Amino acid sequence: MSDARVENGAESGRGTAAEAGPVAGSGAVLRPHAEDAFANELSALAAADDRPRPERWRLSPWAVATYLLGGTLPDGTVITPKYVGPRRIVEVAVTTLATDRALLLLGVPGTAKTWVSEHLAAAVSGDSTLLVQGTAGTPEEAIRYGWNYAQLLAHGPSRDALVPSPIMRAMAEGMTARVEELTRIPADVQDTLITVLSEKTLPIPELGQEVQAVRGFNLIATANDRDRGVNELSSALRRRFNTVVLPLPATPDDEVDIVTRRVEQIGRSLDLPAAPDGMAEIRRVVTVFRELRDGLTADGRTKLKSPSGTLSTAEAISVVTNGLALATHFGDGVLRPADVAAGILGAVVRDPAADRVIWQEYLESVVRERDGWKDFYRACREVSV
């Protein structure tokens, strides 16, 4: 398995990942934008950053990479890692944004695509909210522009009646725009980006005008490896991107580190206390997910069938966070096997017929025989019947 990465449980909550850092306190928004949650780190980096910055960038490429990967500044300020993985991947992504090529972050679900995209935009432009969310119903207006129909009917086409898309705003202001789940957008709407990315201009034929991108503009798109064949990118559009593949975590320790950091952050935002001795259950969840995902036990001795789900790091984060909530509200505050068993079952058994058989075989042939896993085996058996 290639090297590792991160993400805010968020590719869906947002993503997944190996991130950590300050969170808003009680009464704050549940999920602040990256530029707000990590404002102190960004300010400290900007103050210490004496390297050349591309036009309209808030930080130099070196400082952007440090923001994502973590480090300690000369004044002692600690920058928490937002991404755990190969440094070169981050360097290539940052360098791409400093050129005239757009950036495509590609990977299986749960490899931190959304999380990395958000933090790159926050570090480069100070604003991660210029976002187009790709779906099967995303219209062309979401990428180009729309109209205020009251103004349009009253006064006809005009700049006052035009409603700019996030991409149009990014072009005009020299900012970084984001497009999530690009391959879920219909192919004809995707191709609206070709002129934007090649000519750096967005025509407005109704007004006989255009918006030209100013220096500093670029675009980050994400796409899911599992979505190949949904709405694959045309060769013309793909050529406009530099593609960076975000891999799954390389080692169990990397993945445990990612899950631990993210669960701690989410727990603080939800006012959940730190779980005493929770590391053992985190490592157990990660072990189960990795073995079933790889189709092989950690010792390499037993081949396994893999279930239909992705069993991503993001899902491991969700399972542990839910277990922590169970331990806090319905237990003694200590994270135990019974707190994570139901979550693991829900993540593994997506296809009630095939996946349940795979899970039962894994329980009986691997979990049952593993030293120190008896309590976990019993907890899983209880929720599996």
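Quick look at the numbers
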item	result
Any hit, the range 273-293, residues being part of a loop (DSSP other than H, G, I, E, B), at pLDDT below 95, under 23 Å from the mean Cα position of the chain (by Cα) and under 21 Å from Pro252 (Cα atoms)	no
Count - residues of the range 117-140 that are within 14 Å of Val179 (Cβ to Cβ) and under 17 Å from the mean Cα position of the chain (by Cα)	12
Lone qualifier among Ser312, Ser306 - being within 25 Å of the chain's Cα centre (by Cα) and closer than 19 Å to Ile266 by Cα	Ser312
Residue that is surrounded by the most Cβ atoms within 10 Å (Cβ to Cβ), among those in the range 141-172 that are of a type in the set (Ser, Thr, Tyr) and in contact (Cβ under 8 Å) with a residue 40 or more places away in the chain	Tyr145
Test set (1) surrounded by 20 or more Cβ atoms within 10 Å (Cβ to Cβ); (2) under 16 Å from the mean Cα position of the chain (by Cα); (3) outside the structural domain of Gly343 (by TED's automatic domain parsing) - Asp225 fails condition number	(1)
Test: residue in the range 238-254 that is assigned to a loop (DSSP other than H, G, I, E, B) and more than 20 Å from the chain's Cα centre (by Cα)	yes
Search result, residues across the range 190-202 that are more than 14 Å from Arg101 (Cα to Cα) and open to solvent by less than 10 Å² (accessible area, probe 1.4 Å)	Gln190, Leu202
Which numbered condition Leu59 fails, given (1) open to solvent by 10 Å² or more (accessible area, probe 1.4 Å); (2) at pLDDT 95 or above; (3) of a type outside the set (Phe, Trp, Tyr)	(1)
Any hit, the range 351-372, residues being within 30 Å of Trp115 (Cβ to Cβ) and in a loop (DSSP other than H, G, I, E, B)	yes
Among residues of the range 251-284, those that are among the small types (Gly, Ala, Ser) and open to solvent by 20 Å² or more (accessible area, probe 1.4 Å), counted	4
Near pairs, Cβ below 6 angstrom, 6+ apart or cross-chain, from the range 326-351 (modelled with pLDDT of 95 or more) to any residue that is in a loop (DSSP other than H, G, I, E, B) and open to solvent by less than 40 Å² (accessible area, probe 1.4 Å)	Val348/Pro307
Enumeration of residues in the range 41-81 that are in contact with a strand residue (DSSP E or B) (Cβ under 7 Å, 6 or more places away or on another chain) and not in a loop (DSSP other than H, G, I, E, B)	Glu41, Leu45, Thr66, Tyr67, Gly71, Thr72, Val78, Ile79
Filtered residues of the range 101-126 (kept if in contact with a strand residue (DSSP E or B) (Cβ under 8 Å, 6 or more places away or on another chain), part of a loop (DSSP other than H, G, I, E, B) and open to solvent by 10 Å² or more (accessible area, probe 1.4 Å))	Arg101, Val108, Pro109
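Okay, residues lined up against (1) touching a Gly at 6+ places or on another chain (Cβ under 6 Å); (2) open to solvent by less than 10 Å² (accessible area, probe 1.4 Å):
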| residue | (1), (2) |
| --- | --- |
| Ser306 | yes, no |
| Leu311 | no, yes |
| Glu315 | no, no |
| Val320 | no, yes |
| Ala325 | no, no |
| Phe330 | no, no |
| Val334 | no, no |
| Asp339 | yes, no |
| Val348 | no, yes |
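The values are calculated or read from the model by the stated rules, or taken from the named source; none is laboratory data. Because the structure is a prediction, the values reported are computed rather than measured. Using ideal geometry, Cβ is built from the backbone for each residue, glycine included, and neighbour counts are taken over all protein chains shown. These accessible areas exclude ligands, DNA and RNA; they are computed on the full protein's heavy atoms, side chains included. Shrake-Rupley method; radii C 1.70, N 1.55, O 1.52, S 1.80 Å.
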